[in-house]
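As C-alpha cells, the structure follows; a few thoughts come after it.
What follows is calculated from the coordinates using simple rules that are stated; it is not laboratory data. No experiment lies behind these values; they were computed from the predicted model shown. Ideal geometry is used to build each Cβ from the backbone, glycine not excepted, and the neighbour counts take in all protein chains shown.
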Amino acid sequence: MEIIEASRKFIYRNARPLDLARWHYLFENGSKQPVIDALSSYQNPDGGFANALEPDCWNPNSLPIQTWVATRIIDEIELNDKQHPLITNLLNYLETTTAFDGHCWHGLNNVSSNNEYPHAPWWSYDAEAGSGYNPTASLIGFILKYADKTSSIYNLGTRLLIEAYDYLKANTPLASMHETACFVELYDYLTAEPLNIIDLNEFKALCMQSIKALLTFETSLWDTTYSCKPSLFIKNKKSDFYPELAELCAYECKFIKQTQNVDGTWNVTWDWGEYPREWSISENWWKSDIIIKNIKFLKSMI
C-alpha cells in the first residue's frame with residue numbers, strides 16, 4: 001500500500017528508537033523486546049515515566065500522564081507478563097507517588113515542576129486546577145488488569161473504580177474528550193476482565209453519550225484544528241462503540257488516506273507558541289506517533 005510505504009520511509013528517517021520499534025512490531029512482524037527496551041529508557045527509578053515520552057512535556061520527573069502513555073504502549077504490544085519489571089515498577093509508582101490526592105492522580109497542569117522545562121501551554125502548572133479523571137480512569141483499568149488481586153493497590157483500584165463510576169454518572173456528558181477517552185479505556189479493560197462491581201451496560205451508555213457530545217461532526221475542521229475524531233475512542237471494529245459510529249469511522253479512513261502529506265506524515269494541528277527550538281523537535285516526534293496511530297486505525301477498519 002503506497003500510503004504505508006511513504007510513512008515507513010519517514011519513520012525510518014525520523015522516528016525515535018521507541019517509535020521505530022513500535023513500527024517494526026505493529027507492521028513488520030517485529031519483536032516486543034525492542035519496544036520494551038526503548039520504553040524502559042523513559043522509566044525513572046521510582047517506576048514512573050517522564051522525559052517527553054508524551055512529547056508535549058520535557059519534565060524529567062515522573063508524571064502520571066507520562067506514565068499513562070507507557071500503559072498504552074504496554075497495551076499496544078500486549079505485554080501480559082504481570083511480573084515484568086516494567087509493569088511491577090510502574091504499579092509501585094502509582095501506589096507511592098505524591099502526585100495522587102487519594103482519589104485521582106495529577107493531570108496535565110497539577111505539577112509545578114512542569115514550568116521548569118519546555119512544555120506545551122496546557123501542561124503549565126495551575127494551582128487552582130483540579131485533577132479530574134484524565135488519566136486516572138484509564139490507570140484504574142491498568143491496575144485492575146495487572147495488579148495482584150491480593151495487593152493493596154488492587155484494593156485501591158476497586159475503590160477508585162466505584163468513585164469513577166459515580167463521577168461519570170454525575171457528570172455525563174463529560175466536557176473533555178481526553179477524559180472521556182480515559183473512561184472508554186477503563187470500559188475496555190473491564191469488558192476484557194469483568195469484575196461485577198459496576199453496571200457495565202450503564203457505563204457503556206454513559207460513555208457513548210459523552211462521545212457523541214464531543215465528536216467534531218464538522219469534518220471540514222479535521223485537518224486544521226485539534227478535532228475530536230472517532231479513532232480517539234474506537235481502536236477496531238470489535239469495539240462496543242463501533243456500530244453506532246461505523247459511518248464516521250469509514251469517513252475517517254477516507255480522510256486519513258486523502259490528507260497524507262508527500263513525506264508520509266499528517267499535519268500536527270497544534271503548537272506550543274513558545275520554546276520554538278524544542279517544539280520543532282517535539283513536532284517531529286508527534287509526526288511519527290500520528291503516523292502509527294493512523295496506520296493502526298486504517299488496518300483495524302479493514
Two pseudo-spin positions, 7 Å from Cα along C-beta at SER113 and at ASN92, lie apart in nanometres by 1.7 nm
In Å, the C-alpha Rg and Dmax of the stretch 98-213 are 14.8, 44
GNM, the chain, Cα, under 10 Å: largest mean-square fluctuation among ALA250, ALA170, ALA99?
ALA170
Set the bar at 21 Å for Cα to Cα. Now go through LYS145/LYS212; LYS9/LYS257; LYS32/LYS257; LYS257/LYS299; LYS204/LYS237; LYS169/LYS204 and name every pair that lies beyond it.
LYS145/LYS212; LYS32/LYS257
Scan around LEU63 for amide H atoms under 5 Å from its own, H built in the peptide plane at 1.01 Å from N, and keep only partners 5 or more places away or cross-chain.
PHE49
Restricted to Cα positions, what overall size does the chain have along the principal axes? Three whole-Å values, descending.
51, 42, 40
Contour excess over end-to-end distance, with Cα ends at TYR12 and ARG277 and 0.36 nm allotted per residue
93.2 nm
From the phi of every residue in the stretch 263-270, what ³J(HN,Hα) in whole Hz does the Karplus formula 6.51 cos²θ - 1.76 cosθ + 1.60 yield, where θ is phi - 60° and glycine or proline is x?
7, x, 9, 10, 4, 8, 8, 9
As an exercise, use a Förster radius of 22 Å and the Cβ-Cβ distance of ASN29 and GLN258 to find the FRET efficiency, rounded to the nearest 0.05.
0.20
Evaluate the stretch 1-71: find the radius of gyration of its Cα atoms, find its Kirkwood radius, and give the ratio Rg to Rh.
1.04
Any aspartates and glutamates with Cα under 17 Å of the LYS296 Cα? List them, leaving off those in the same chain fewer than 8 positions away.
GLU2, GLU5, ASP19, GLU28, ASP75, GLU76, GLU78, GLU185, GLU252
Gain on full stretching of the segment that runs from THR219 to GLU247 - 0.36 nm per residue minus C-alpha separation
8.8 nm
Can you give the relative contact order of the chain as a percent, counting alpha carbon pairs under 8 Å and 6+ residues apart?
18 percent
Integer Hz, Karplus 6.51/-1.76/1.60 couplings in order for the stretch 285-302, x for Gly and Pro:
4, 4, 4, 5, 5, 5, 4, 4, 5, 5, 5, 4, 5, 4, 5, 6, 9, 6
Divide, for the stretch 126-175, the radius of gyration over alpha carbons by 2.2 N^0.38 Å, where N is the residue count.
1.28
Stretchable slack from ARG159 to ASP46, in nm (0.36 nm times residue separation minus alpha-carbon distance)
38.3 nm
Can you list the residues, at least 5 places off or on another chain, whose amide H is less than 5 Å from the amide H of TRP105, using H built in the peptide plane?
THR136
